[in-house]
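To start, the structure under review is shown below, and the notes come after it.
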Amino acid sequence: MTGAYARVRTVSVQSVFTRERQVLALIVLAGLALASAHLASAPLTGYYATAVRSMSGSWHAWFFGALDPASTISVDKVPGWLQIQALFVRVLGFHGWVIELPQILAEGVSIVALYAAVRRWRGVPTARLAAALFVLTPIVTPTFAHAMEDGPLACCLILALDRAHRAAVTGATRSLIASALWIALGFQMKMAEAWLVLPAVLIAYSVCAPVSGRVRALRAVVATAVCVLASLLWVTIVALVPAGSRPYVDGTSTDNVFTMVFGYNGLERLGIHLPGAMPQGLRLAHPVFVPGDGWAKLIDGHLLPQIGWLIPLTLAGIVVGWRTNRGLERAGWLLWSGAWVTFALVLSAVGRLPHAAYVVVLAAPMAALSAAFLVDLVTMRRRTMAVVVVFQSCWSAWVWAVEPSFVEWLRWGVVAIAVLLLVNLHRLSTRALATVVTATLLIGPAAWTASTLNPAYAGSDVEATAGPPGPLLASVATPAQVADFGADGADFVAPTATLSGDAAKVWQIAKQRQGSARFPLTTVGWFIAQPFILATGEPVWPIGGYSHLVPTPTLAEFQAAVRSGEVRMVLLGAYGFRAAIQDGSASTDIVQWVAGHCARAGSWIYPPSGQTTAAVHLFDCSNAL
């Protein structure tokens, strides 16, 4: 084992050359600069920012991932990445940039970890190129620049693959267990998706580790057990806590956290219904959700420019790597190839991807495999280089065709350079030719990535995309739609850290009439509750959770809360996820009862003229029973 390890290129801060550190630092800084370009103007938006505000004010809410400060209901995910954001908020205060900061730092860690893993596998030139390709993959910058769980997940999995590679080439048990724990931490970020790298880790270790077959098998079993047990630690604790001592688990009709994880966020994505899980279709019924569909989603459609530029090079890296990677290098090939193939197949098989950021987990394996192939170009025949230039140029034109008007002159510039390369194929040295080919092939993804410096092309917390907005981002609230509400109603659609306009009026009335009520304001659904929780951090009760369909409280339970004085002021809003509210749900029953039995304390209709798109009504239920 010692001899094997001596032959492996290892990364150490003390042993690397100064120039190598400088180049890596430049790549990391470039990635961080792109991701933080709009950090100062980061907004407070969405469901998860509301949860972070709630979790930052109470350790009970923090642990259980509560959506609201009173911890009546949880978010519909395992809250690992939100817990990290809430810790930053506790230290630095509640601001949009604070919420986004952990994801940006995660990109820096991801670049370093990818560099270390690829350097150990194929040396410094390949590691540099892989790190650069990762930064230039369009989906990477907007994903890590926004408060989404996909960036931290990708970071954990890159760290897992790095440790797995070390384990595979040294046989070290500690590295294998560390890989398993990083996967388990990834589970806390985005649940079972993290487990998709486990087969690649186990195969690479079982095939390549320089220990006996029996020892390999035993350690693989132990690592799997550690991964699963550590992954399910939080889930198990939540399941064991009595229902009355924790928030209701959103995404379920049974208050079962395992159903939320493996049903609502698992099998439902594959079209398989698990009893007790809320149907995913209800979330997608609202027009903001326009996901990618079908097996071809990664090679055709709005996801293609985000992740697809390197697909031919990735496939070439897999095919060529099978022939060229021998001995210790085979471990790296198995890891990166296995991870990419597994993720590509699963993401293609999933009927709908609600957000483009799902595909960011493909970026690191594609960068590693593409870099390995491009570095090997130096040793290939010129005829092979010509084939690569022609095929990749045609592929770049196909990817660009998704948005043909986007920097169109650059698109044709790539074609022109490719033609010039073919004409001068025999006049350049092999190394110079390989360098020019590589630079030419990166023009497309670099253009999309650089476009994120323009806020219009930088994506959002709802949809992380680079370049022209995809169908999902194009359908969320636009400045024109926000303008429909006018200055007085903007807080209902684009909330800030301070209430203003009509939202401030609603809150003022609610606080004046709160009296001894536990909740100063009760709403149906999270959307209309978010401006008040974000601005005040007070216990606003968002009945129905994310979908409005959580069956608690029932109408009888709600009436009991009104009778006991816990609830008095109720705000009903028709904007947002109204399409998901169905007759017969507990939320609908409560809405109808409030509208029929409580006194109206105020109404706000938007826009003031023209077709009504939203209505907000405040009710006083103090005399309803």
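The values are calculated or read from the model by the stated rules, or taken from the named source; none is laboratory data. All values reported here derive from a predicted model rather than from experimental measurement. FYI the Cβ positions are ideal-geometry reconstructions off the backbone, even for glycines, and counts take in every protein chain you see. Quick note on the areas: whole protein, heavy atoms, side chains included, nothing else; ligands and nucleic acids left out. Shrake-Rupley method; radii C 1.70, N 1.55, O 1.52, S 1.80 Å.
Determine, from the Cβ-Cβ distance of LYS505 and LEU453 and an R0 of 45 Å, the FRET efficiency 1/(1 + (r/R0)^6), rounded to the nearest 0.05.
0.70
Give the cross-link partners of LYS511 among the aspartates and glutamates, using a straight C-alpha distance below 12 Å as the criterion and excluding same-chain residues fewer than 8 apart.
In chain and number order, the partners are GLU538, ASP620.
Quick one: angle between helix 586-597 and the longest Cα principal axis of the chain, in degrees between 0 and 90, rounded to 10, please.
On a 0 to 90 degree scale, this one is about 30.
What lysines does LYS77 reach when the alpha-carbon gap must be under 22 Å and sequence neighbours fewer than 8 apart in one chain are set aside?
Once the sequence-local lysines are set aside, what remains near LYS77 is LYS190.
Report, in degrees rounded to the nearest 10, the 0 to 90 angle that the Cα long axis of helix 408-423 makes with the longest principal axis of the chain.
10 degrees
If I ignore ligands, DNA and RNA and count only protein heavy atoms, how much of ILE590 is accessible to a 1.4 Å probe, in Å² to the nearest 10?
0 Å²
To the nearest 10 degrees, how steeply does helix 382-400 sit against the main Cα axis of the chain, on a 0 to 90 scale?
Once rounded, the angle reads 10 degrees.
With a 1.4 Å probe and all protein chains kept in place, how much accessible area does THR379 have, in Å² rounded to the nearest 10?
Only protein atoms counted, so the area is about 120 Å².
Which one of THR137, PHE619, ALA147 is farthest out on the positive end of the charge dipole of the chain, using unit charges on Cβ (Lys, Arg +1; Asp, Glu -1) and the Cα centre as origin?
Checked the options; the winner is THR137.
With +1 on each Lys and Arg Cβ and -1 on each Asp and Glu Cβ, how big is the dipole of the chain about its Cα centre, in debye rounded to the nearest 20? Don't jump to the answer; show the numbers that get you there.
Details: 40 positive and 30 negative charges, 570 e Å.
Approximately 2740 debye in magnitude.
Heavy atoms only, probe 1.4 angstrom, no DNA, RNA or ligands counted: give me LEU549, LEU181, LEU267 ranked by accessible area, highest first.
Numbers: LEU549 25, LEU181 85, LEU267 60 Å².
Order by accessible area, largest first: LEU181, LEU267, LEU549.
Where both partners of a DSSP beta bridge lie in the chain, what percent of those bridges are antiparallel, to the nearest 5?
On the way: 16 of 22 bridges.
If I count the DSSP bridges inside the chain, around 75 percent turn out antiparallel.
Give the list, by residue number, of cysteines in the chain with no other Cys Cβ closer than 4.7 Å, or say none.
CYS155, CYS156, CYS208, CYS227, CYS394
Calculate the spin-label point distance for ARG563 paired with THR236, positioning each point 7 Å from the Cα along the beta-carbon direction, and give it in nanometres.
With each label point 7 Å from Cα toward Cβ, the separation is 4.2 nm.
Given a Förster radius of 56 Å and the C-beta distance between HIS597 and GLU408 as r, what FRET efficiency does 1/(1 + (r/R0)^6) yield to the nearest 0.05? Don't jump to the answer; show the numbers that get you there.
Working: r = 61 Å, r/R0 = 1.09.
For HIS597 and GLU408, the calculated efficiency is 0.40.
Keeping every protein chain in place, order PHE64, PHE391 by accessible area at 1.4 Å, biggest value first, i.e. largest first. Present the calculation step by step, with values, prior to reporting the outcome.
Working: PHE64 25, PHE391 125 Å².
The ranking, largest first, comes out as PHE391, PHE64.
Given H placed 1.01 Å from N in the peptide plane, which residues other than close sequence neighbours of THR522 have an amide H under 5 Å from its amide H?
Long-range HN contacts for THR522: TRP541, MET569, VAL570, LEU571.
Grab the beta carbon distance between ALA243 and ILE272, set R0 = 35 Å, and tell me the FRET efficiency rounded to 0.05. Don't skip to the end; give the middle numbers.
Details: r = 26 Å, r/R0 = 0.74.
Given R0 = 35 Å and the Cβ-Cβ separation, E is 0.85.
Just read off the accessible area of SER212 with the full protein assembly in place, 1.4 Å probe, to the nearest 10 Å².
60 Å²
Go ahead and estimate [θ] at 222 nm for the chain from helices alone: -39,500 (n - 2.57) per DSSP H run with n ≥ 4, summed, over the residue count, rounded to 500. Mind showing how you got there, number by number?
Numbers: 28 runs with 340 residues, N = 625.
Taking each H run of at least 4 residues, the total per residue is -17000 deg cm²/dmol.
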